[in-house]
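**Q** I am attaching a structure below and will ask some questions about it afterwards.
Taken together, the values in this text are just the output of simple stated rules run on the coordinates, not laboratory data. For clarity, every value in this text was computed on a predicted model and none was experimentally measured. Heads up, the Cβs are rebuilt from the backbone with ideal geometry, glycines too, and the neighbour counts pull from every protein chain shown.
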Amino acid sequence: MERPKVFITRQIPQEGIDLLQRVADVDVNPVDAPLPKSKLLEAAAKYDGIIGLLTDKIDSEFFEAGTNLKGYANYAVGFDNIDVAEATRRKVPVSNTPGVLTDATAECAWALIFAVARRVVESDKVMRSGKWDGWGPMQFIGGDIMGKTLGIVGAGRIGTAMALMSRGFGMKVIYTSSSGRRNGVLDAELHAELVPFEELLKRSDFISLHTPLTPDTKHLFDSSAFSLMKDTAYIVNTARGPVINEADLVTALKTGQIAGAGLDVYEKEPAMAPGLAGLDNAVVLPHIGSATVSSRTNMSTLAARNLIAMLRGKKPETCLNP
Ligand code: DGY
C-alpha cells in the first residue's frame, strides 16, 4: 500500500517527525519562517495530512484546496487559526495540543508577573548600561505580590494551573467563567471566588488572561475595562493578543491608569502597537509561553499521533470537531 504523504509547515521537534516517518513520507518546510498562504494552499492540494502552526490560516480556502486531505493537526492548543465549523462541514478532522503545555504557559505568566511587578527588565537594562551608581533607597520600587488578589480570566487548564501556583504567595484568587460554571479545583484548593467580570477588574491586583480568542473575548480588555482597574494593578497576557485592545493598553500604561503589563502575545504578531516598545512599565516577550523542552517535544508527538490517527481514518486523541 502506498505510504501517505505528510507536510509540516515549519521545523518542529524531531520526536514527532520520527513518529510520523514510521508510517508516512514526511516533508518539512525547509525555511524557518511562517509559510506563505500560497505555499500552504499548494501543500493542502498535494498532501494527505498537514501539521501546521498558529500562524497558518486553516480556512475555507485551505479546505477548498485540500480535496484529498485526511486531516490537519495544529501544533498549538489555541485554535483560533482554524475554521472548525468549515472543517466539520467538509468532514475533515482537525486537532490541537491541549494538556502538554499547561505548566509551561502558567510558568510564563508568573515570569511576567515577577518581571513587571519587580521591574526586572528595567533594572537589568540599567546594570548593563554601566549607569548604576550603587544602592539607593528609592530605586526601582515595584509592586508587592505576597497576599495580593489574583484575578484569572478563563479558568480552564492553564488558568487553573497558574492560579494553583499562587499558593506560595498566599494570594486571594478570584476568577470569571464564560459558562458561569464554578471551577471545583480552585474552589476546593484555594477557596477561590467566581465573580462577575467587572468585579474582577475592580478587585484584582494582578489579572492573568487565559481565555481563548473568540468573537466574545476579542478586545475584552479595552479602555473601559482598564478604567475599572486599580491604578496599582498589573495585567498579564499569555493567551491571545487580540483579547486586549493594544492601543488602549498603551494609553492606560502611559497615563498611569494601570501600573504595568506583561505580554507574551500581541494583536498583530509579530508587530506591537506603536508606543508599546518604549514603555518601561511593559515587559514584552516573543510568544514563548510553551517554549520549554518537554512542552514543545510533547506538542510535537501529540500532533504526530493525532495526524497518524486521522490518516488511518480514526478519531484523533484531541479532536476539535464536535
Ligand atoms: C498555543 O499552543 O496556543 C500557544 O500559543 C503556542 O504554543
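**Q** Please list the equivalent ellipsoid semi-axes of the chain, computed as the square roots of five times the alpha-carbon gyration tensor eigenvalues, in descending order and whole angstrom.
**A** 39, 22, 18
**Q** Here is a further query. Give the residue from I207, Q11, S300 lying farthest towards the positive end of the charge dipole for the chain; charges sit on Cβ (+1 for Lys and Arg, -1 for Asp and Glu) and the dipole is referred to the Cα centre.
**A** S300
**Q** Further question: Among V236, V195, which comes first, then next, by fewest other beta-carbon atoms within 10 Å?
**A** Final ranking by Cβ density, sparse to dense: V195, V236.
**Q** If you don't mind, another one. Net charge within 14 Å of A115 by Cβ-Cβ distance, Lys/Arg positive one each and Asp/Glu negative one each, not counting A115 itself?
**A** On the way: positive: R118, R119, K125; negative: E107, E122, D124, D264, D280.
With Lys, Arg at +1 and Asp, Glu at -1, the net is -2.
**Q** Which is the longest run of the chain containing none of the chymotrypsin sites (Phe, Trp or Tyr not before Pro) found in DSSP loop states (not H, G, I, E, B) with at most 16 other C-beta atoms within 10 Å?
**A** 141-322
**Q** Here is a further query. Would you mind ranking R305, R312 so that the residue whose beta carbon has the fewest other beta carbons within 10 Å leads the list?
**A** Values: R305 18, R312 12.
Lowest to highest Cβ neighbour count: R312, R305.
**Q** Here's a follow-up. Let me know the shape class of the stretch 195-258, please: from the alpha-carbon gyration tensor, a ≥ b ≥ c as square roots of the eigenvalues, rounded when a/c is under 1.5, otherwise prolate if a/b is greater than b/c, or oblate.
**A** Working: a/c = 1.69, a/b = 1.23, b/c = 1.37.
Oblate.
**Q** Follow-up. Taking DSSP loops as anything outside H, G, I, E and B, show the longest stretch in the chain free of GluC sites (Glu not before Pro) there with at most 16 other beta carbons within 10 Å.
**A** Counting only loop sites that pass the neighbour cut-off, the longest clear stretch is 3-316.
**Q** Considering only C-alpha atoms, what is the centroid distance from the stretch 126-192 to the stretch 219-285, in Å?
**A** Centre-to-centre distance over Cα atoms comes out at 17 Å.
**Q** Nothing charged except the Cβ atoms of Lys and Arg (+1) and of Asp and Glu (-1): what's the magnitude of the dipole of the chain about its Cα centre? Round to the nearest 20 debye.
**A** Value, rounded to 20: 560 debye.
**Q** Arranged by the count of other C-beta atoms within 10 angstrom, fewest first, what order do D124, D59, D248 take? Let's see the in-between values first.
**A** Values: D124 11, D59 15, D248 19.
Fewest to most other Cβ atoms nearby, the residues stand as D124, D59, D248.
**Q** Moving on. Using only DSSP helix segments of four residues or longer, with each worth -39500 (n - 2.57), what per-residue ellipticity at 222 nm results for the chain after dividing by its residue count and rounding to 500?
**A** Using -39500 (n - 2.57) per qualifying helix, the result is -10000 deg cm²/dmol.
**Q** Run the dipole for the stretch 175-218 about the Cα centre, Lys and Arg Cβ at +1, Asp and Glu Cβ at -1, nothing else charged, and hand back the magnitude in debye, nearest 20.
**A** It works out to roughly 140 debye.
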